[in-house]
Structure formats: C-alpha cells, structure tokens
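Student: Below is one structure. I have some questions about it.
Laboratory data are not the source of any read-out in this text; all were calculated from the coordinates shown. Owing to the predicted nature of the structure, the values given are computational and were not obtained by experimental measurement. Here Cβ is always computed from backbone atoms with ideal geometry, including for glycine, and neighbour counts include all displayed protein chains.
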Ligand SMILES: *Cc1c(COP(=O)(O)O)cnc(C)c1O
C-alpha cells in the first residue's frame, strides 16, 4: 500500500523536523542553556501519576502571571511555544506573514495546516524592511504576523519603530515571539499589551535552562486567550512539567545569575570572534551568535571533527553558522577550534 498517496498534499511536501542527535563533546547547536534546574525535580515526586494534570495549570499560571505582571486570564500555556504557534494558526488561519530568515516553525506549521505563507526578506542589517512589510500587510491582509524579536537565527531585535506601524496597519494579529527576551537589553513588548488589542507575546522556558520541560506561554488579551483556548488539547501541559516549572520559577536569583553569565559570555565571544580573521560575527541580543565564514560547510565539518557542534544556517542565511553561548569552558573550546579550522580551511583555499 502506498501510504504517501493518502497523505494531504501540504504534508506530503514537508520534511520531518530533524532535531538530529549528533555525538559531540561541546553541544552549541540548539540554543539551550548550559545551566539547568535539577534541584526543582524534587517537585515531581509529589505528582500523582494516576491522575490527569490540572487542565488549567492554575498554580503555574499564577507564578507566570506574577512574573509578567498580568492576570492569569491573559495567559495560555503550551507544550513549548511551538504548540502555541500551531494553536494560533489553527484558530485564526492565514495568510501568515513573517520576515526571513527567521524561526522555521512559523512556515512549517502554516504549511502543515494548509495556510498561505507570506515571506518578506529582512533588510541588509537584519532589521524588518519597513516598507516591504507594510506593503505585504496591505496586499496579503495577513491574519497573523510572526516577529521573532530577538530574531532567531540573526540574534538582533527588530526596531520598535518598524514593529509598531505594522501593529497599527494590520487588521490581523501580530505575534511578537520573545523566546530570547531574557537575554535582550531592552524590555520587550509586554508593557505595550494594554495599548494594542491585536498584540500577542510568546515566551518560553526552553532557552533559560528548562528545555526538557516543554513549556511555552502566550500573553494576550482575555478575548484572544479565550478563542485560542478552544483549540487547545485538554491536558496539553503535563503534571510533571507543571510541578517542576512552579518550583524552578521560584529560583529567580539563580535564573537571573545564569542569564547574566550568558550575556557576559556572549559579549566576550563576539569580541573574540570579531578579532579573528575570515569570520564576521553579527551582534546578538540572544543566547547565540550568527557568524559568516567563507566556506560554511567546511567550517561546520571541521568544528564537528574537533567535537564542537554548531548549527549550519547556510540554507537560511548564506554563508552563516550559529553558535549557542555555553559555559566559559565550552565557549573557549569553540573559539580555539574555530581558530584552528579557519587556519586549515585558509590553507586549502590558497
Ligand atoms: C526555540 C524557539 C521557540 C520554541 O520554543 P519551545 O518553547 O521550545 O517550543 C520559539 N520561537 C523561537 C524564535 C525560538 O527560537
């Protein structure tokens, strides 16, 4: 039997998201934090394994609401923010507008759900192309516009002078995906929620030491939350995640210290890479740095042979690789490997 023939055409042309597990000594490919919250795992011992989780995750929402200075009614939880992106597109449909390069899931999910994608290239500084985005809004009338700020994989925040006119011009919703906001120098869009009824903020615990839990959250007006909540699967956030997240989120000091350490290391990495020949790093407000080299495939392979795994972004951003900021030791191992690999690829080019 040819199963392929039964598959919807939108799905047939997709390829499974490959989060490949590649053996390595220094893992700097997935924007994870090197600092975990294993102490919070104790909370899982109180979970009754025979009972369904709290479907509304009340305790967890309360902690997050306090941290974000909003009401629990403003929050919807997801099994990672990926799930919330899916729920948003299920609820509102397309067209779905986003700049490129950006986080790949906006396009993948839109396509899987059979919704029209509208992609607008970023400008040369990786900022939003204001006029092009505005004209796409007028022409395509997107139901949803996704803006990852700081943007993955470029690392920069989009300027708010270019985001705000979009929020004002569109008749649809604008989702500012703040997965990397904890590492950014500016405050983000939370304070603007009350001024813009069509603004949605996405956050996640994945980049700050809790990727294993799969917890994302959306902050928006209660009207929006109420609609999206209709497509949410019951019990989408499991009991272990709820219990451990509540405990981990109490450790605010530890979270802050780990973020500060990573920001300082990011700036050290950037400085060191800027001084190296044949590599162009791009300024970042996130926990990773995008950098351009002459032969990205050779540099990627060379790093991996030295045990350092980064992400090859050549398809999305020509000539670019992305390195996640790790511990000082990991970052130094990366820098030293990069120096040697660039030296050997130079010899080959000559
Ligand atoms: C990592 C990432 C996410 C996904 O986060 P999860 O909560 O782990 O699903 C969402 N948006 C951006 C821009 C990301 O880089």
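Student: Restricting to DSSP H runs of at least four residues, report the calculated mean residue ellipticity at 222 nm for the chain, -39500 (n - 2.57) per run over all residues, nearest 500 deg cm²/dmol.
Tutor: Details: 12 runs with 135 residues, N = 350.
It comes out at -12000 deg cm²/dmol, rounded to the nearest 500.
Student: Of 164, 202, 60, which has the largest mean-square fluctuation in a 10 Å C-alpha GNM of the chain?
Tutor: Maximum among the listed residues: 164.
Student: Quick one: order 300, 52, 270, 106 by neighbouring beta-carbon count within 10 Å, fewest to most. It would help to have the intermediate numbers written out before the result.
Tutor: Numbers: 300 21, 52 10, 270 18, 106 26.
Sorted ascending by nearby Cβ count, the order is 52, 270, 300, 106.
Student: Continuing with this model, one more query. Take residue 194 and residue 56, extend 7 Å from each Cα along the Cα→Cβ direction, and tell me the distance between the two endpoints in nm.
Tutor: Between residue 194 and residue 56, the simple spin-label model gives 2.4 nm.
Student: Right, another one. When the expected Rg is taken as 2.2 N^0.38 Å, what fraction or multiple of it is the alpha-carbon Rg of the stretch 285-350?
Tutor: 1.06
Student: If a/c stays under 1.5 just call it rounded; otherwise compare a/b with b/c (prolate if a/b is bigger, oblate if not). Do that for the stretch 18-69, with a ≥ b ≥ c from the square roots of the Cα gyration tensor eigenvalues.
Tutor: On the way: a/c = 2.30, a/b = 1.71, b/c = 1.35.
Taking the square roots of the gyration eigenvalues as a ≥ b ≥ c, the stretch 18-69 is prolate.
Student: Springs between alpha-carbon atoms under 10 Å, Gaussian network over the chain: tell me which of 49, 91, 280 tops the mean-square fluctuations.
Tutor: 49
Student: Can I ask one more? Give me the percent of DSSP beta bridges within the chain that run antiparallel, rounded to the nearest 5. Please list the in-between numbers first.
Tutor: Numbers: 18 of 36 bridges.
Just about 50 percent of them are antiparallel.
Student: After finding the eigenvalues of the alpha carbon gyration tensor for the chain, what semi-axes result from the square roots of 5 times each, listed largest first in whole Å?
Tutor: On the way: eigenvalues 206, 135, 89 Å².
So the three semi-axes of the chain are 32, 26, 21 Å.
Student: Follow-up question, since we're still on this one. Arrange the following residues from fewest to most other Cβ atoms within 10 Å of their Cβ: 178, 265.
Tutor: 265, 178
Student: Modelled label-to-label distance, residue 132 and residue 301, 7 Å Cα→beta-carbon offset: nm?
Tutor: 3.2 nm
Student: Then there is this: Who wins for biggest fluctuation among 143, 261, 58 in a Gaussian network model of the chain, springs between alpha carbons below 10 Å?
Tutor: Highest fluctuation of the listed residues: 58.
Student: Right, here's the next one. Of the beta bridges DSSP finds with both residues in the stretch 52-250, what % are antiparallel, to the nearest 5? Mind dumping the intermediate values first?
Tutor: Working: 8 of 24 bridges.
Here the antiparallel bridges make up roughly 35 percent for the stretch 52-250.
Student: Something else now. Rounded to a whole number, what is D in µm²/s for the stretch 52-250 from Stokes-Einstein with the Kirkwood radius over alpha-carbon pairs (25 °C, 0.890 mPa s)?
Tutor: Estimated via Stokes-Einstein, D reaches 145 µm²/s.
Student: Follow-up. How much space per residue, in cubic angstrom, does the convex hull of the C-alpha atoms of the stretch 211-350 take up? Intermediate results must be reported in sequence, preceding the final value.
Tutor: Working: hull volume 22.5 nm³, N = 140.
Spread over its residues, the Cα hull of the stretch 211-350 gives 161 Å³ apiece.
Student: Give the order of 1, 105 when sorted by the count of other beta carbons within 10 angstrom, beginning with the fewest.
Tutor: 1, 105
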